[in-house]
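These notes concern the structure reproduced below.
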Amino acid sequence: MSRGHAFPSGFIWGAATSAYQVEGYPLADGAGPSIWHRFAHTPGRVAGGATGDLACGHYHRFREDVALMAELGLSAYRFSIAWGRVLPDGRGRVNRKGLDFYLRLVDALLEHDIQPMVTLYHWDLPAALQERGGWLDPDSAVWFADYAQILFRALDDRVQAWVTINEPWVVAVLGHLEGVHAPGHRDAREAVRVMHHLLLAHAEACATYGALGRHQIGIALNLEPQHPASDSEADRAAADRRDAFINGWLLDPLFHGRYPEAMADIFGSAWPDFPSTEIDRIRCPADFLGVNYYSRGWVRDDPAVQPTGAARIERPNAPVTAMGWEVYPRGLTEILLRLKTQYGNPPVYITENGAAFEDSAPTAGRVEDPRRVAYLREHIGAAGAAIQAGADLRGYFVWSLLDNFEWAEGYAKRFGLFRVDPSDQSRLPKASAECYKDIIASHGAGL
Ligand SMILES: OC[C@@H]1[C@@H](O)[C@H](O)[C@@H](O)c2nc(CNc3ccccc3)cn21
């Protein structure tokens with residue numbers, strides 16, 4: 001990519017978080033428990049027995065955090081709404097105090113000219129709905145659309161962009177196939193139906209929004225190029241299977257109105273014959289696609305790995321983050337240009353991109369995080385290269401504003417631009433925050 005490239009005027013520079021990871025006080029003011037509250041409080045499920053009970057204390061510190069965002073020069077902030085704060089039972093009675101928290105947060109953002117991007121679902125299903133079957137229940141799409149409608153009516157005058165569901169793949173696979181995320185199920189038949197119901201829920205929310213919304217709505221997908229570890233036919237076929245499993249399983253129904261044929265091979269008898277009317281409904285006209293990009297898959301054929309027979313392995317001598325994910329910025333350009341060439345070049349926001357590293361201890365009120373600085377510069381440069389090659393990229397959100405609750409990893413993995421001190425939740429800027437501030441001020445020039 002040529003140096004000195006500046007991103008188009010109006011390009012959105014943001015940062016992202018999610019409710020259960022940053023808010024804390026998950027049961028405050030009448031909120032109902034979520035499946036992640038239950039999962040984290042189940043011994044052995046989360047590293048170190050960590051929970052989101054305190055997290056970053058954002059529920060009470062949100063004005064302080066909005067001020068940090070304004071200092072960075074963010075033009076947008078992506079956050080999620082905890083369904084159980086608004087509907088403690090998941091359906092029915094609205095908890096006004098819960099809704100008011102998000103009204104106050106949105107107003108604080110707008111006071112600082114920061115546009116809210118609201119994610120309706122970032123994995124924290126009300127436990128009361130899980131007791132009714134959760135995402136496995138075909139009515140879950142209706143539960144979600146009814147919840148979404150309440151938020152659309154309350155906030156659409158102030159919220160310009162809505163994300164229905166964050167990473168259906170993680171909900172279906174980590175939550176219902178591998179069991180390492182809430183609700184901790186391990187059942188392939190469940191996982192494929194949960195994915196279908198999540199996509200139907202997205203479609204129902206889009207249809208609901210189309211009838212009363214005035215701005216943009218989309219979905220956020222974790223997308224990851226899959227590259228064979230050798231040029232053997234077996235490894236190439238394994239990479240193709242893993243590509244269908246991670247990328248095509250979502251992109252093809254959403255943009256082409258069909259599941260990849262490989263899904264029936266991957267899941268065998270667990271894969272049902274979904275009604276074509278439902279798949280047609282999933283191909284809904286959303287306004288944008290959110291892309292959560294972190295790394296690529298380096299793939300070897302391995303029949304022992306279920307259900308794909310494809311193992312994601314570490315590439316020898318490759319740079320990796322604290323999550324073990326390869327640092328591979330070119331994969332972001334690849335994904336964005338694949339959306340251009342194979343999926344109709346939809347408007348795209350990079351709704352998450354970032355890295356966890358073993359940050360050094362704070363010195364003189366700051367954390368030096370050179371690897372995160374390099375990661376962000378390289379990936380924003382890769383995004384710029386995709387724009388130059390014709391991708392319709394509208395914005396970029398760093399994951400994450402704050403070090404936060406990293407799901408089953410607890411607080412051990414830090415993705416933040418700001419360090420959060422576990423003892424008192426105080427915030428401390430990292431060098432990457434200063435770097436991102438400079439990138440925003442220069443519109444990405446020089447990357
Ligand atoms: O792991 C970092 C973030 C996480 O904190 C966000 O809540 C979530 O939206 C998120 N998605 C990915 C990429 N997908 C993924 C893949 C494997 C395990 C977990 C997430 C990374 N992240």
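The values are calculated or read from the model by the stated rules, or taken from the named source; none is laboratory data. This structure is a prediction, so every number in the text was calculated from the model and none was measured. No Cβ is skipped: glycine too gets one built from the backbone with ideal geometry, and neighbour counts run over all protein chains shown.
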So which residues in segment 53-100 are within 24 Å of PRO422 (Cα to Cα) and in a loop (DSSP other than H, G, I, E, B), if there are any at all?
ASP53, LEU54, ALA55, CYS56, GLY57, ILE81, ALA82
Could you please find all residues in segment 317-353 being out of contact with any helix residue (DSSP H, G or I) (no Cβ under 9 Å at 6 or more places or on another chain) and either assigned to a helix (DSSP H, G or I) or farther than 25 Å from ALA412 by Cα (or both)?
THR341, PRO347, TYR349
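Looking only at residues that are in contact (Cβ under 8 Å) with a residue 12 or more places away in the chain and in a loop (DSSP other than H, G, I, E, B) in segment 291-305, which one is nearest to the ligand (Cβ to nearest atom)?
Going residue by residue through segment 291-305, those that are in contact (Cβ under 8 Å) with a residue 12 or more places away in the chain are 291-302.
If we keep only those that are in a loop (DSSP other than H, G, I, E, B) too, we end up with 293-296, 302.
Details: TYR293: 8, TYR294: 5, SER295: 8, ARG296: 12, ASP302: 18 Å.
Applying the filter and picking the extreme gives TYR294.
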Between residues in segment 11-33 that are surrounded by fewer than 18 Cβ atoms within 10 Å (Cβ to Cβ) and modelled with pLDDT of 95 or more and residues that are outside any strand (DSSP E or B) and among the hydrophobic types (A, V, I, L, M, F, W, C), which pairs lie under 9 Å by C-beta distance while being six or more apart or on different chains?
TYR25/ALA31; TYR25/LEU54; TYR25/ALA55; ALA28/PHE101; ASP29/PHE101; PRO33/LEU27; PRO33/ALA127; PRO33/ALA128
Unique residue being surrounded by 22 or more Cβ atoms within 10 Å (Cβ to Cβ), within 15 Å of the ligand (Cβ to nearest atom) and under 19 Å from ASP392 (Cβ atoms) when the list is THR308, THR333, THR351:
THR351
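Name the residues in segment 55-76 that are farther than 30 Å from SER442 by Cβ and more than 21 Å from the chain's Cα centre (by Cα), would you? Before you say what the answer is, go through the steps one by one.
Of the residues in segment 55-76, the ones farther than 30 Å from SER442 by Cβ are 55, 57, 59-60.
Matches in segment 55-76: HIS60 only.
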Within segment 388-401, does at least one residue satisfy the condition of being in contact (Cβ under 8 Å) with a residue 60 or more places away in the chain, surrounded by fewer than 20 Cβ atoms within 10 Å (Cβ to Cβ) and over 28 Å from TYR20 (Cα atoms)?
yes
Considering each of VAL291, VAL327, VAL320 in turn, give the residue that is under 20 Å from VAL173 (Cα atoms) and not small (Gly, Ala, Ser).
VAL291
When every residue in segment 363-394 that is of a type outside the set (D, E, K, R), more than 15 Å from LEU337 (Cα to Cα) and part of a strand (DSSP E or B) is compared, the one farthest from the ligand (Cβ to nearest atom) is THR363
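Of VAL327, VAL320, which residue is closer than 30 Å to PHE405 by Cβ, crowded, with 17+ Cβ neighbours inside 10 Å and among the β-branched types (Val, Ile, Thr)? Reasoning before the result, please.
Values: VAL320 fails: crowded, with 17+ Cβ neighbours inside 10 Å.
Going through VAL327, VAL320 in turn, the sole match is VAL327.
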Test set (1) away from the ligand (no atom under 16 Å from the Cβ); (2) surrounded by 18 or more Cβ atoms within 10 Å (Cβ to Cβ); (3) among the polar types (S, T, N, Q) - THR164 fails condition number:
(1)
Identify all residues within segment 108-167 that are closer than 18 Å to TRP13 by Cα, of a type in the set (A, V, I, L, M) and assigned to a strand (DSSP E or B); write none if there are none.
MET117, VAL118, ALA161, VAL163
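Would you list the helices (runs of 4 or more DSSP H) that sit entirely within segment 225-290 and hold 2 or more residues that are surrounded by fewer than 20 Cβ atoms within 10 Å (Cβ to Cβ) and of a type in the set (Val, Ile, Thr)?
Working: elements: 233-243, 262-267, 276-282.
Result: 276-282.
For segment 87-98, give me the residue count where each residue is surrounded by fewer than 24 Cβ atoms within 10 Å (Cβ to Cβ) and in contact (Cβ under 8 Å) with a residue 24 or more places away in the chain. It would help to see each step written out before you state the result.
If we filter segment 87-98 for residues that are surrounded by fewer than 24 Cβ atoms within 10 Å (Cβ to Cβ), which is where we start, we get 88-89, 91-98.
Cutting the leftovers down to in contact (Cβ under 8 Å) with a residue 24 or more places away in the chain gives us 88-89, 91, 94-95, 97-98.
Residues that pass the stated criteria total 7.
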